[in-house]
Structures are given as structure tokens and as C-alpha cells.
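Q: Once you've had a glance at the structure underneath, I'll fire off some questions.
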């Protein structure tokens, strides 16, 4: 269990993270499970968001499920469930065939489940958008940490680097095998050996913080389009989040039938 806390205005927020993996001390490459389960449990002043704040829960659910982060990382949502938490399964569209090529090995592991528990505490009413600000800061910090630990699961650049280089390696190996020479001496575990090297590079270099540093905070590119420039870590965290603030704001206005968000739109 890992925890992170932050205070913003009169609101204290924290996130506790629990993970379930398949692997052992020899595991080097951690891939997403075929159906990776992610759950969000959100509490306000020790009460679960659902069912006390049912409408707000549904807004969080819609925003999380429609987050552009899943498509950016190459996932599709297979199913979801709403009870005491927002729980859903995501399926990776990029690494399935690669895992088949690698075969069974104790060096290959899987992240099966990620449980996120958010707790928000305030002794006085707080703004709805302040709740989202803290939520997004916590999830942005979480992604920066997870992509360093699991680059093949949560790192945009790590996943892109690995998949592209694996395919190039596979194509080149296929060409070598077609050459008119005596049986080329190619080790049976060459795919795995090459993958381990790629993963180590991804873990050390291909994460948001290191890429941001290498570009001297001037031309950090998170997405293919449009090109975005980040001058500091706060701007980066803003984009590595599960919820689009504009979508969240529009759903709040529609759901609660208010003209605009103001100082009167509070949660207590």
C-alpha cells in the first residue's frame, strides 16, 4: 500500500494505492494483464461518494471512462461496474501479440489489478472544482510514479519505445533467417533477451520526468497532436490525469442545472 497526501485551500486529499501482480523476484518485464482491473473508491469526510453523492459519482464515472488517457496509452475499456467504487477492466491493444512471441518465462510478469482509494477531508464546505483540482493532482502524481515502475503499463513513451523497437527487431530477425546461409545461430530466447534490454532502457530513460529533463523543460511532447509545451511540473501533471476539467465542469452544470460554477457550488 502506497499513500500520497496534499492540501489545497481548505481541502485535504490523499490517495492510497494497492496493486495485485503476477510475478516474483526474478520478474523484469511487467506487462498489463489481458484484462487489467482498475477501481476508484472516492470518500468525502469518511463517506463513500456512492450512494451519498450519487450524481457526483456518476459524473466522476463518466469522466474517468471517457478519459483520453486510455486511448493515449493504447487501451480500450471492456466493462465497468458501479457499486461502492468505480471499477472497470481495460484491455491493451498493443502488447498482446508481443507477449505471445515472448512465451512463458519467470522474467515476465503481469499487473492484474490497481485499487485507488481517494479520501477528501474538510472541516468546512469546499468548492466542487477544488475537489477536482486535488483529484487530478493526486492522479497525475500517481501516473508519474507508476510509469517509472511499470513503463510497459502506464508510460506513453515507454510503451511506444518498446513496441516500435520490438517490431523492428522482429522484422530484422526475420530477414536474417531468410538469408541463403547455413542455419543462422539464433538463440531460442532471443526475443526475451532483447525485450529485457528494451525494458531496462524504458525504465531508466523513457518516462515523463526524464524526457522532460532531457528537453530542458522547453519542448516536452506528451501527445502526437497537438504539440504541447510545459514550463513546469504542475503543467505536466495537469495533462497526466484521468479527468478533463472542462468535461467535468460542463457535466456539473448540466446535472445540477446551474448557470455556472461559482462560490455557491459547494460540497459539505
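The values are calculated or read from the model by the stated rules, or taken from the named source; none is laboratory data. Because the structure is a prediction, the values reported are computed rather than measured. Positions of Cβ are backbone-derived with ideal geometry, glycine not excepted, and every protein chain shown enters the neighbour counts.
Q: Would you mind stating whether residue 144 is buried (at least 16 other Cβ atoms within 10 Å of the Cβ), over 25 Å from residue 205 (Cα atoms), in contact with a helix residue (DSSP H, G or I) (Cβ under 7 Å, 6 or more places away or on another chain) and modelled with pLDDT of 85 or more? Write out each step before concluding.
A: On the way: buried (at least 16 other Cβ atoms within 10 Å of the Cβ): yes; over 25 Å from residue 205 (Cα atoms): no; in contact with a helix residue (DSSP H, G or I) (Cβ under 7 Å, 6 or more places away or on another chain): yes; modelled with pLDDT of 85 or more: yes.
Answer is no for this residue.
Q: Just to check your reading of the model, which residue among 52, 9, 93 is under 24 Å from residue 144 (Cβ atoms) and at pLDDT below 90? Spell out how you get there, then give the answer.
A: Numbers: 52 fails: under 24 Å from residue 144 (Cβ atoms); 9 fails: at pLDDT below 90.
After applying the criteria, what remains is 93.
Q: If you don't mind, another one. Given the conditions (1) within 17 Å of residue 202 (Cα to Cα); (2) out of contact with any helix residue (DSSP H, G or I) (no Cβ under 6 Å at 6 or more places or on another chain); (3) surrounded by fewer than 17 Cβ atoms within 10 Å (Cβ to Cβ); (4) at pLDDT 85 or above, which single one is not true for residue 153?
A: All conditions are met except number (3).
Q: Within the stretch 147-155, is even one residue in contact (Cβ under 8 Å) with a residue 12 or more places away in the chain, farther than 21 Å from residue 248 by Cβ and in a strand (DSSP E or B)?
A: No: zero hits.
Q: While we're on this one: Looking at the stretch 47-62, is at least one residue in a helix (DSSP H, G or I), touching a strand residue (DSSP E or B) at 6+ places or on another chain (Cβ under 6 Å), surrounded by 15 or more Cβ atoms within 10 Å (Cβ to Cβ) and in contact (Cβ under 8 Å) with a residue 12 or more places away in the chain?
A: Residues of the stretch 47-62 that are in a helix (DSSP H, G or I), as a first pass: 49-52, 54-62.
From what's left, touching a strand residue (DSSP E or B) at 6+ places or on another chain (Cβ under 6 Å): 49, 61.
Of the ones still in play, those that are also surrounded by 15 or more Cβ atoms within 10 Å (Cβ to Cβ) are 49, 61.
Filter once more, keeping what is in contact (Cβ under 8 Å) with a residue 12 or more places away in the chain: 61.
Yes - at least one qualifying residue is present in the stretch 47-62.
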